[in-house]
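Read the structure below first, then the notes.
The values are calculated or read from the model by the stated rules, or taken from the named source; none is laboratory data. Just so we're clear, the structure is a prediction, and the values are computed from it rather than from any experiment. We place every Cβ from the backbone using ideal geometry, glycine too, and count neighbours over all the protein chains shown.
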Amino acid sequence: MTKNIMIVGVGGQGSLLASKLLGHLLLTEGYDVKVSEVHGMSQRGGSVVTYVRFGEKVYSPIIDKGEADFIVSFEKLEAARYVEYLKPDGRIVTNTQEVDPMPVITGAMEYPEDLVGKMEELGIAVDAMDCLSLANEAGSAKAVNIVLMGRLSKYFDIPVEKWEQAIADCVPEKFRELNLKAFALGRK
Amino acid sequence: MRQLMLGNKALARGLYEAGCSVVSSYPGTPSTEVTEEIAKYDEVYCEWAPNEKVAMEVAFGASLAGKRSFCGMKHVGLNVAADPLFTCSYTGVNGGMVICVADDAGMHSSQNEQDSRHHAIASKIPMLEPSDSGEAYAFAKKAYELSEEFDTPVIIKMCTRVAHSQSIVDPGERVVPETKPYVKNIGKYVMMPGNAIKRHPVVEERTRKLIAYAEDCEFNRVEMGDTALGIITSSTCYQYAKEVFGEKASILKLGMINPLPEKLITDFAAKVDKLVIIEELDPIIENHCKQLGLEVTGKDVFPIEGEFSQNMVAEKLGVEVGPSKKLEEALPGRPPVMCAGCPHRGLFYTLSKNKCTVLGDIGCYTLGAVAPLAAMDMTLCMGASISSVHGFNKALGQESEGKTVAVIGDSTFMHSGMTGLANIAYNQSNSTVIILDNSITGMTGHQQNPTTGYNIKGDPAGKIDLEALCKAMGFTRVAVVDPYDLEACDRVLKEELAAPEPSVIISRRPCALLKYVKHNKPLVVEQNNCVGCKSCMRLGCPAISMKGGKAAIDETLCVGCGVCQQLCKFDALQSQEV
């Protein structure tokens, strides 16, 4: 059975490393893996989506509505935007950070209140945490992606050492310590 | 070693292993990474050409010389390169020649969603269509053999979902074939009428041979399952069909999309009860089947426009999809915006303030059309801004000349703006052309171009002097402004619009995302000074918002460019000491 992880966020937030890490880890675990994203407008603060699919044999590179086992979100509003893609028994792992989109900046719309509460009202399992603070605690605001991976790892049967090895394989030596700390903080 | 590879990278790896020696391309989403990846191999000569036509002619020249060559582009780029494309079909090749075209169904980053298969059919050139990274890799290697065996260029068609998805590839070693000797052959390579007349039947004969080849080639395969439903498909649609039906349908998967087989299709059709064609964009396989007299379901249920997905394939063919939940609340969208510190912003603010009619072009700066700047009236294709402003002014004369401008980026100007500028110089319209020189090709992710002074590997290269070029064409009025300086932008724009002769304004400042660009500290809002007038909001900068009736700066985004400071009459936006 193919498992589906969607990574969503705002252009420039670092979802590339998260999908690289997952792809590397799952490949090492012996799965067929597909990772898909759309380049182009992503640098310019737009909404960005990455699909990670793994299983015995994966066909489609994309995840469709009602198919995601996990939505990993760098930003609360983006988690809410893609709720439709979640399986009814799927789980959202989200950073509680808010990044105002243009309609909010210009005052045309308000940033929606209590998005986590609203998602939970739908009966969705939401695991929300302040990843930015934890990333800063680890030593860099840029480590939000690895904090999220730490939290996601709790829901997988893959031994923690395998995750740590994947981090070591995917990040440059000088940032290894920092990222392992961020991973541990997210997993706690 | 088995590894996850982007479709474009896998294609590049296949080209490399097949001994590709010369690459010339123009960047364009979603094709860019093919060339960026192959440029990492030192054994391959690789360059960014000024446009796709030049790139294809460079690749043709290398093929003529006996080497295996490549050029890559997006779908609209193949329109630009259509001229050499149609005739190198007649000449054929010496060393193998492979062309990659990447379509963008769904228009993630394009101005139309044309179907490049039409180009392959019209130019009578074989086209392969991989459905994942593994096939992109394998097809690239095989494409050279096909090219040399049938004496033709070969097109590999990618699409966004194959180009930008990673799947498993097991790469091998590079094997470089011997350079084919160049032998002068006027009848084959000099396409004047007397020779071309003799080459056309050669092309038709080649197509007949390629159809026979397509009947039994490794690119096309039948996967028999349940015979109640038969599906003919290709590319990413094959993956969606497998996702939905698995073994519950029989599938004819086409990897060679031009020319299409005949017997293979009719034999497959005879084995299944119902035949469905699943293809994105135009009904090309479908029409071919209909010409063969087959009854098929295709665009009567599937759309011509947009991308497909597994749910869509399921729903259109009556298969139930799983449930999902949705928030009822309307959420604010998150469209792409010009970055904080983008040098284009100051210039577009000036155009907006002066209520100019702006004929735009293709690049990041197309975002100048977005509110609140909304300073763009037209975007058509690469280079059209300059040619169209000439036509606009020729049509309306003095009525438009004093308030109409063309805006075009440095890379787009090199691509196909220069010829339009030559037309203004030659046919003399009183037009004002603004070149937005941000010293890079921004939209596609920072590629070098002839004005940057660096080549694809980042090494120093020839550098075209835009001012000297415009002057050499006969423009006596060539002004350079810093788009961070609003007063200068306004003054120069008014001067050049008022001038009784054509002029060029070069708005020059490097892209704020370039690594070498040094940023200032974020600005701070002096709360006592801010009166909440929202003047700064007219810039549409993502770093500025209103919080509690006063301006607020997002310090993670602000790069201290200071453009907003120039709009504040109350000294509320202040620089921090360095």
Criterion: touching a residue at least 12 places away in the same chain (Cβ under 8 Å) and closer than 22 Å to residue B:112 by Cα - qualifying residue of B:281, B:294, B:275: B:281
Residue within region B:412-435 that is out of contact with any Phe, Trp or Tyr (no Cβ under 7 Å at 6 or more places or on another chain), away from every other protein chain (no Cβ under 14 Å) and under 16 Å from residue B:516 (Cβ atoms) present: no
Scope region B:529-545; condition away from chain A (no Cβ under 13 Å) and surrounded by fewer than 19 Cβ atoms within 10 Å (Cβ to Cβ); matching residues: B:529, B:531, B:533, B:535
From the options B:36, B:47, B:43, residue that is surrounded by fewer than 24 Cβ atoms within 10 Å (Cβ to Cβ) and part of a helix (DSSP H, G or I): B:36
Matching residues in region A:150-188 - criterion: being among the hydrophobic types (A, V, I, L, M, F, W, C), under 17 Å from residue A:54 (Cβ atoms) and in a loop (DSSP other than H, G, I, E, B): A:156, A:158
Tabulated pairs, region B:105-120, first within 14 Å of residue B:28 (Cα to Cα), second surrounded by fewer than 18 Cβ atoms within 10 Å (Cβ to Cβ), C-beta under 6 angstrom, 6+ apart or interchain: B:113/B:107
Residues (of a type in the set (Val, Ile, Thr) and within 18 Å of residue B:280 (Cβ to Cβ)) located in region B:85-111: B:101
Region A:109-129 - residue that is of a type in the set (D, E, K, R) and in contact with a strand residue (DSSP E or B) (Cβ under 7 Å, 6 or more places away or on another chain) and, of those, nearest to the other protein chains (Cβ to nearest Cβ): A:120
Selected residue (only one of B:81, B:105 is surrounded by 20 or more Cβ atoms within 10 Å (Cβ to Cβ), of a type in the set (A, V, I, L, M) and farther than 21 Å from residue B:188 by Cα): B:105
Condition met for residue B:179 (out of contact with any helix residue (DSSP H, G or I) (no Cβ under 7 Å at 6 or more places or on another chain), hydroxyl-bearing (Ser, Thr, Tyr), within 20 Å of residue B:148 (Cα to Cα) and part of a loop (DSSP other than H, G, I, E, B)): yes
Condition met for residue A:72 (within 30 Å of residue B:514 (Cα to Cα), more than 9 Å from every other protein chain (Cβ to nearest Cβ), in contact (Cβ under 8 Å) with a residue 60 or more places away in the chain and in contact with a Leu (Cβ under 6 Å, 6 or more places away or on another chain)): yes
Residue check for residue B:301: among the β-branched types (Val, Ile, Thr), touching a Gly at 6+ places or on another chain (Cβ under 6 Å) and assigned to a loop (DSSP other than H, G, I, E, B): no
Every pair of residues 6+ apart whose Cβ atoms lie under 7 Å, when the first sits in region B:515-527 and is β-branched (Val, Ile, Thr) while the second is part of a loop (DSSP other than H, G, I, E, B): B:517/B:510; B:524/B:576; B:525/B:572
Considering residues of region B:316-348 that are more than 7 Å from chain A (Cβ to nearest Cβ) and over 27 Å from the mean Cα position of the chain (by Cα) only, the residue modelled with the lowest pLDDT: B:328
Count - residues of region B:1-34 that are away from chain A (no Cβ under 14 Å) and among the β-branched types (Val, Ile, Thr): 2
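Filtering region B:4-33 down to residues that are of a type in the set (Ser, Thr, Tyr) and in a loop (DSSP other than H, G, I, E, B), which residue is farthest from residue B:170 (Cα to Cα)?
B:26
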